Structures are given as C-alpha cells and as structure tokens.
Amino acid sequence: MLLLSIESSCDETAASVVRNGREILSNIVASQISIHADYGGVVPEIASRKHLETISIVIEEALRKADLPISAIEGIAVTRGPGLAGALLVGISTAKALAYGLNIPVVGVNHIESHILAIMLERDVEFPFIALAVSGGHTHLYEVQAIGRYKTIGQTLDDAAGEAFDKVAKLMGLPYPGGALIDRLAAEGDPRAIKFPRPLIHEDNYNFSFSGLKTAVLNYVRKNPAAMEGSALNDVCASFQAAVCEVLVSKTRAAVIQSGIKRLVVAGGVACNSGLRRDMATFAETEGAELFIPSPLLCSDNGAMLAVPGDYYLCNNIACGFELDALPVWPLDAISLTGGN
Ligand code: KG4
Ligand code: ZN
C-alpha cells in the first residue's frame with residue numbers, strides 16, 4: 001500500500017509517503033522551533049496556526065519528493081494523539097478531507113506507538129521487546145508484545161526526560177529546545193565534575209523522576225554563577241546528561257533482565273542523545289541484549305514513523321474511519337485493551 005502519513009501533534013508539521021509500511025519514499029519535516037524559541041517553549045495557539053499555514057505545502061512536497069500524484073495514494077495515516085489538541089486537529093481534519101476526496105481509508109495512530117515502531121523502517125525487530133520511549137512529553141518503559149499490544153511497566157512521575165533537558169537548558173540561558181545543545185556542550189565536558197542526584201535509581205520499580213534533578217542543577221548554578229560559561233558550562237551539561245543517562249540505563253537494564261526479554265528499542269527525540277546511545281550500547285553488549293535505536297532523523301518527530309502502525313491497521317482494517325477525533329491524552333495501554341485503536 002502507498003500510504004501518506006501526516007503528523008502535527010506538537011511543533012513539527014510533517015508528511016511522508018511510505019510503501020508497504022517499510023520503504024520511505026519521502027519524509028518532509030517543517031519545524032516551528034525558531035518561532036517558539038522566542039517564547040522559551042511551544043505556544044499551543046501559535047503551533048496550531050503554523051500547522052494550518054504549512055500543512056498543504058508539506059504534503060505537496062512529500063508527494064513531489066516521492067514523485068507521485070496524489071491519486072496514487074491508497075491510504076492515509078494521521079497522528080490522533082497524544083499531543084496538543086488544536087495542533088492534532090489540523091492534521092486530522094486535513095487527513096479526513098483528503099481521504100474523503102480521494103475515497104481512500106484513513107486511520108488515526110498513536111504518536112508514541114509511532115516513535116516505538118519507527119525502527120522497523122530501518123531494521124526488522126522480533127516481538128516481544130522492551131521499549132524505552134523518551135521524548136519531550138514521555139519517559140515510558142513498555143513491554144511490546146505485538147503491534148497494538150503494549151504494557152506500560154514504568155513511567156516518569158513528573159518531568160519527561162526531554163522536558164528536563166529543555167528546562168535545564170533554559171535555566172542556563174540556552175535557547176529552546178535545549179536537548180541537542182546540551183548534548184553538544186556535554187561532549188566537551190567532564191561527566192564526573194559534579195555529582196548530581198540519580199533520582200529513584202535504587203527503587204525497586206521502573207519509574208523515573210527528573211524534576212528534583214532539574215532543581216539540583218538550578219541550585220548548583222545559583223551557587224556557582226561562573227558555571228554558566230566556558231568549560232564550567234560544559235561540565236554542568238556533561239554531569240547533568242550523565243545523571244539522566246545513568247537513570248535511564250539503570251531502569252531499562254532492570255526491565256530487560258527481570259523480564260528476560262533481551263531485545264530493546266530506544267525511541268523518541270531524546271534517543272538522539274549521543275551519551276544515551278553510547279551508554280545503551282555498552283549496557284546491551286554487557287548483557288548480551290539486542291539493541292535497536294533508529295537513526296536520529298527517525299527518532300525525532302517525523303511522518304514516516306506513522307506508516308508502520310498505519311499500514312498495519314489499514315491492511316487489517318482496524319480502527320479506520322472518518323469518526324476519528326483528537327485524543328490529546330492517549331496512553332498506549334488503552335490501545336491494547338481494544339486490540340486496535
Ligand atoms: O520526540 P520529539 O521530537 O518530540 C516529542 O514527541 O516530544 O522529542 C523532542 C525532545 C525535546 O525535548 C528535545 O530537547 C529532545 O527531544 N532532544 C534531545 C536531543 N535531541 C532532541 N535531548 C537530548 N539530547 C539530544 N541530542
Ligand atoms: Zn515525538
């Protein structure tokens with residue numbers, strides 16, 4: 001099936017054409033980051049308006065890059081949630097209107113499910129596997145039995161990992177979103193320079209907490225204003241990143257060992273982090289686990305990732321239809337209960 005997928009859950013307007021849920025023909029992402037950076041975070045109303053302005057252009061570009069007329073498209077997948085309600089509605093209304101006009105089926109897919117399955121655009125992964133989804137809004141550990149069957153085994157109790165990166169960057173005067181910049185600054189710093197806390201690391205569960213770690217960084221830079229510049233800033237970034245990575249790896253390691261499932265997928269925007277990729281690779285090698293992390297372009301928000309669940313649901317006639325609406329809050333376990341979405 002030739003699938004057009006449309007993503008507009010947050011601050012990226014994205015569209016992609018994918019054949020049979022695996023072969024990417026185009027993957028166009030228009031980022032609004034420079035607009036939201038002025039406000040230090042995503043402004044929902046501005047995000048919706050920008051999606052409206054951009055979505056047709058991005059879809060046209062995706063078709064042009066794939067060298068296909070719109071009449072060649074056989075199905076449409078769109079992000080239904082979780083995300084910003086207004087932003088999601090732009091993608092959903094566009095998808096429904098196009099599908100209606102073309103007389104083809106449309107399916108709404110889960111954004112986090114799409115992140116987790118994105119790896120299948122690059123590699124085959126056998127079920128079951130453990131998945132760590134780390135993005136701006138999520139830090140969740142799942143046991144994945146099949147497409148559509150997810151069990152949450154742990155999650156953050158407060159900030160998501162990406163949110164912690166962005167908030168720490170902001171308090172150090174770095175631009176939004178700060179994750180990638182902290183990663184770059186950390187590369188030149190000493191991860192052992194400052195011993196920041198490793199929240200919940202010794203607790204016997206798979207939950208995370210990052211808000212206390214962010215406060216620890218805030219207290220440190222207040223006491224040491226010189227730490228906001230030069231090599232001292234590199235050390236703060238490296239030490240903070242090391243703390244986040246150690247907690248993420250430690251809980252993930254426990255999940256892999258205790259479940260006996262030696263296959264691990266790491267997904268979402270924070271999976272671009274070079275320290276996390278390296279630490280996960282080291283742990284996987286030590287434990288003899290198979291590690292799957294998509295290329296950075298497929299880790300952050302994009303349209304192609306929707307095609308893996310989208311193609312599966314459309315081909316199996318699950319949850320397709322024009323009654324689909326936005327689900328700003330949509331836990332993955334809710335999908336498992338119904339066998340589809
Ligand atoms: O998955 P994503 O693109 O959008 C959401 O669904 O949230 O993730 C965005 C998050 C942001 O918080 C961003 O700062 C973070 O991913 N991020 C990173 C890196 N690249 C993006 N965090 C740490 N290191 C990076 N290299
Ligand atoms: Zn995302």
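Summary of values
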{"item": "Positive-end extreme of charge dipole, the chain - chosen from Phe196, Gln155, His140 (charges on Cβ)", "result": "Phe196"}
{"item": "Cleavage-rule hits, trypsin sites (Lys or Arg not before Pro), the range 1-106, DSSP coil, Cβ neighbours within 10 Å at most 15", "result": "Arg22"}
{"item": "Cα-Cα over 31 Å, subset of Lys96/Lys251; Lys65/Lys251; Lys170/Lys195", "result": "Lys96/Lys251; Lys65/Lys251"}
{"item": "Cα centroid of the range 42-74 to Cα centroid of the range 197-264, whole Å", "result": "37 Å"}
{"item": "Helix axis angle, 44-66 relative to the chain longest principal axis, alpha carbon, degrees", "result": "60 degrees"}
{"item": "Fraction of antiparallel bridges per DSSP, the chain only, in percent to nearest 5", "result": "60 percent"}
{"item": "Portion, in percent, of the accessible area of the range 235-341 that falls on carbon or sulfur, probe 1.4 Å", "result": "54 percent"}
{"item": "Antiparallel DSSP beta bridges within the range 125-293, percent to nearest 5", "result": "60 percent"}
{"item": "Candidate aspartates and glutamates for bridging to Lys151, where Cα separation is under 12 Å - those fewer than 8 sequence places away on the same chain excluded", "result": "Glu113, Glu143, Asp333"}
{"item": "Distance from the range 114-129 to the range 170-192 (C-alpha centre basis), Å", "result": "29 Å"}
{"item": "For the range 212-258: accessible area per residue (Å², 1.4 Å)", "result": "40 Å²"}
{"item": "Long-range Cα-Cα pairs in the range 125-293 (distance over 23 Å), rounded percent", "result": "36 percent"}
{"item": "For Glu285, solvent-accessible area (1.4 Å; no DNA, RNA or ligand), Å²", "result": "150 Å²"}
{"item": "Ala77 long-range amide H proximity, modeled H, under 5 Å", "result": "Leu4, Ser5, Ile6, Val107"}
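The values are calculated or read from the model by the stated rules, or taken from the named source; none is laboratory data. Keep in mind that this is a model prediction, so the values were computed, not measured. Methodologically, a virtual Cβ is constructed for each residue, glycine included, from the backbone with ideal geometry; neighbour enumeration extends over all protein chains shown. Protein only, heavy atoms only, side chains kept; ligands, DNA and RNA dropped before computing areas. Shrake-Rupley method; radii C 1.70, N 1.55, O 1.52, S 1.80 Å.
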